[in-house]
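The values are calculated or read from the model by the stated rules, or taken from the named source; none is laboratory data. In this text the structure is predicted, and so the values were computed from the model without any measurement. A quick note on method: Cβ atoms are made from the backbone with ideal geometry, for glycine too, and the neighbour counts reach across all protein chains shown. All accessible areas refer to the heavy atoms of the entire protein, side chains included, with ligands and DNA or RNA removed. Shrake-Rupley method; radii C 1.70, N 1.55, O 1.52, S 1.80 Å.
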Amino acid sequence: MSNDFTLNAVKREDQGKGASRRLRREAGLVPAVVYGGKSKKPAAISLEFRELVKALENEAFYSHIIELSIEGKTENVVLKDLQRHPSKPVIYHADFMRVNKTQKIKMSVPLHFLNEETCVGVKMQGGKISHNLNELEVECTAANLPEFIEVDLAEVEAGQVVHISDVKLPKGVTSVALAHGTDHDHPVVTVAKPKGSAASEEESEEAGEE
């Protein structure tokens, strides 16, 4: 995977809540930390708020290798955590993890649902789609990290549940949940049967008998 995202940062000497507030309010900067790597220590840095916000507008930024330039020295990183204000356009802090392309990492990758409008269970059978998951935690090398994972709903019928094991993952990518066993094969998306249908009434009767 190529580096389509570049961020510029500077080292940050002053730390603590007070220093972080001054950075955000007076300098238009976001405090951050970069960590990871066998021979490198965590480093406190700061980034330009506008540059970071612009990058965050692209969904791929959240699951992509980022080229982070710290005072002229570049490192490959991924975004691991982002602390935002719940209602205001304020970013409190960002965490970046150093990676190399052969290193295995765990990341949450967004799910893209295809053919929802033409889904058999919706168009032909009157069902309704319900999303249980919007992202999936995966493990893979940094080089194989997908920007998103597609879930094709074209052939899904009303009453059918698509689980993690039903999702086709790219080569070299595995599900973290499934690594813990079949008990963690969570539903990803459900096409519920229309209310009042004969099928749904039968299900209700069966549930009552139980």
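When only C-alpha pairs under 8 Å and at least 6 residues apart count, what is the relative contact order of region 26-152, in percent?
Relative contact order comes out at 24 percent.
Let me cross-check Asp183: its accessible surface, 1.4 Å probe, with only protein heavy atoms counted, in Å² to the nearest 10?
Counting only protein heavy atoms, the figure is 140 Å².
Would you compute, for the Cα atoms of region 69-108, the largest minus smallest coordinate along each principal axis and list the three values in descending order, in whole Å?
Cα spread of region 69-108 along its principal axes, largest to smallest: 38, 28, 9 Å.
Against the 2.2 N^0.38 Å scaling, with N counting residues, where does region 60-210 land? I'd like the Cα-based Rg ratio to two decimal places.
Relative to the rule-of-thumb radius for its length, region 60-210 sits at 1.35.
Only loop residues by DSSP count here, and only those with at most 10 other Cβ atoms within 10 Å; note down the chymotrypsin sites (Phe, Trp or Tyr not before Pro) in region 76-167 that meet that.
The qualifying sites: there are none.
Can you check how the C-alpha radius of gyration of region 42-139 compares to 2.2 N^0.38 Å, as a plain ratio?
1.43
Can you tell me which lysines have their Cα less than 29 Å from the Cα of Lys168? Leave out same-chain residues fewer than eight positions away.
Lys80, Lys101, Lys104, Lys106, Lys123, Lys128, Lys193
Kindly report the accessible area of region 54-175 per residue (heavy atoms of protein chains, probe 1.4 Å, no ligands, DNA or RNA), in Å².
55
Would you mind checking which residues have amide H under 5 Å from Ala158's amide H? H placed 1.01 Å from N; only 5 or more apart, or other chain.
It is Gly121, by chain and number.
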